[in-house]
Amino acid sequence: MNEISIYLKEHFGLAAKISPLGKIELAQLPLYLKGNYDLFNGSVLEQRVIWVKVKSGMHFTPDQLKKQGKHLRQILGFPIVYVFQEIESWQKKRLIERKISFVQPNRQIFVPELLLQLNESNQAYDTTNESASKYLTPLAQCVILYHLEVASIESISFQEIAKKVGYSTMTVSRIIKELLRFEIVVVEGKKEKLIRLKKQGKALWESILPILNSPVREVWFTDDKLNQIDYKIGGDTALSNFTMLSETSQRTYVIGKDEFRSIKESGTLKYLNKKYGENRIEVWLYNPAILSNSKTVDKLSLYLSMKNDEDERVKGALKDLINEVQW
């Protein structure tokens, strides 16, 4: 359940508290509801909600979820938000049509009682008062870094951009709207729309730096030997490859969040810890392989991932890193 807090905080800057439902509250529930769900107290936008996670092996239709959610709402007195690890697009559509609140971590949250709908590939917005984030979303950041480091996204169709970065055309269209809002690009053409960047190279980088974030979503540690086909080298391990910084004994590996989820679900990682391990794993909000064909992560994402490090040696090495970028 902590991944809900991480998702809302890192993607949208929203605080979401989560704690187990109290014994007194649980005692009020009929057995069938306690048997169907794991329930947690929580909050979003400082509004109390009940997070309701469907227990493993249980399956319900949207109508069943609506009926049982209404019963839970009557007993507990707060909005009910269902939690799904995996849910098909057509199922989400049916939930939205029936105004059933839900969250799929790292994908979407829909809470009509709070007039809130957020999704990862679009800007966060409140349906009563559209509010824009002061930072680029991770996918938009990835696309602009792709332009700076890999290949130009100017004067080609949205479909071609999507093919280059591996996103859907719809996602790219949303990203372009975001870049327009930040006045990074202009759109030209009528029948087939193309984009042009207002600035290029180092001037572009310096102008967007204030709206860029660290790509690091979470950090894990492991003693397992990692398959380097699945990971890029990052952190001070990569920085020592690019600069005169001395490498530490603990190596840092980087992987995208979706790729990391697949590896975790496959069971190939036997040991994972949040504090200790021979190897450090950074899980990024976008796939580092999009921006680098080498064993290491790209230089600009590396800079962003370490820019808040207080070590003076690291700060000096990051300055050298940027100075060596071929704009």
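Could you tell me whether the stretch 292-309 includes any residue that is under 18 Å from the mean Cα position of the chain (by Cα) and open to solvent by 50 Å² or more (accessible area, probe 1.4 Å)?
Checking the stretch 292-309: not a single residue is under 18 Å from the mean Cα position of the chain (by Cα) and open to solvent by 50 Å² or more (accessible area, probe 1.4 Å).
Go through Lys275, Lys319, Lys315 for me and flag whichever is more than 19 Å from Ser246 (Cβ to Cβ), open to solvent by 60 Å² or more (accessible area, probe 1.4 Å) and not hydrophobic (A, V, I, L, M, F, W, C).
Lys275
Please work out which residue is modelled with the lowest pLDDT, limiting yourself to the stretch 272-315 and to residues that are part of a loop (DSSP other than H, G, I, E, B) and aliphatic (A, V, I, L, M).
Leu272
Mind checking whether some residue in the stretch 218-233 is open to solvent by less than 80 Å² (accessible area, probe 1.4 Å), touching a residue at least 60 places away in the same chain (Cβ under 8 Å) and either among the aromatic types (Phe, Trp, Tyr) or not in a strand (DSSP E or B) (or both)?
So far as the stretch 218-233 goes, yes, one or more of its residues are open to solvent by less than 80 Å² (accessible area, probe 1.4 Å), touching a residue at least 60 places away in the same chain (Cβ under 8 Å) and either among the aromatic types (Phe, Trp, Tyr) or not in a strand (DSSP E or B) (or both).
State whether the residues of the stretch 141-149 include one that is surrounded by 14 or more Cβ atoms within 10 Å (Cβ to Cβ), more than 21 Å from Asn106 (Cβ to Cβ) and free of Cβ contacts under 8 Å to residues at least 60 places away in the same chain.
Yes; the residues of the stretch 141-149 include at least one that is surrounded by 14 or more Cβ atoms within 10 Å (Cβ to Cβ), more than 21 Å from Asn106 (Cβ to Cβ) and free of Cβ contacts under 8 Å to residues at least 60 places away in the same chain.
Please go through the stretch 283-316 and pick out each residue that is small (Gly, Ala, Ser) and more than 23 Å from Val165 (Cβ to Cβ).
Scanning the stretch 283-316 gives a single hit, Gly316.
Of the residues in the stretch 28-62, how many are open to solvent by 80 Å² or more (accessible area, probe 1.4 Å) and over 30 Å from the mean Cα position of the chain (by Cα)?
Summing the residues that are open to solvent by 80 Å² or more (accessible area, probe 1.4 Å) and over 30 Å from the mean Cα position of the chain (by Cα) in the stretch 28-62 gives 3.
Determine whether the stretch 188-211 contains at least one residue that is touching a residue at least 40 places away in the same chain (Cβ under 8 Å), in contact with a Lys or Arg (Cβ under 8 Å, 6 or more places away or on another chain) and buried (at least 20 other Cβ atoms within 10 Å of the Cβ).
No, there is no match, as no residue in the stretch 188-211 is touching a residue at least 40 places away in the same chain (Cβ under 8 Å), in contact with a Lys or Arg (Cβ under 8 Å, 6 or more places away or on another chain) and buried (at least 20 other Cβ atoms within 10 Å of the Cβ).
Within the stretch 243-257, restricting attention to residues that are of a type in the set (A, V, I, L, M, F, W, C) and farther than 23 Å from Leu285 by Cα, which residue is most open to solvent (accessible area, probe 1.4 Å)?
Out of the qualifying residues, it is Met244.
Would you check if there is a residue in the stretch 107-120 being farther than 28 Å from Gly42 by Cβ, modelled with pLDDT of 85 or more, open to solvent by 10 Å² or more (accessible area, probe 1.4 Å) and not in a loop (DSSP other than H, G, I, E, B)?
No: zero hits.
The values are calculated or read from the model by the stated rules, or taken from the named source; none is laboratory data. Model, not experiment: these values are computed from the prediction. No Cβ is skipped: glycine too gets one built from the backbone with ideal geometry, and neighbour counts run over all protein chains shown. Keep in mind that these areas ignore ligands, DNA and RNA; they rest on the heavy atoms of the full protein, side chains included. Shrake-Rupley method; radii C 1.70, N 1.55, O 1.52, S 1.80 Å.
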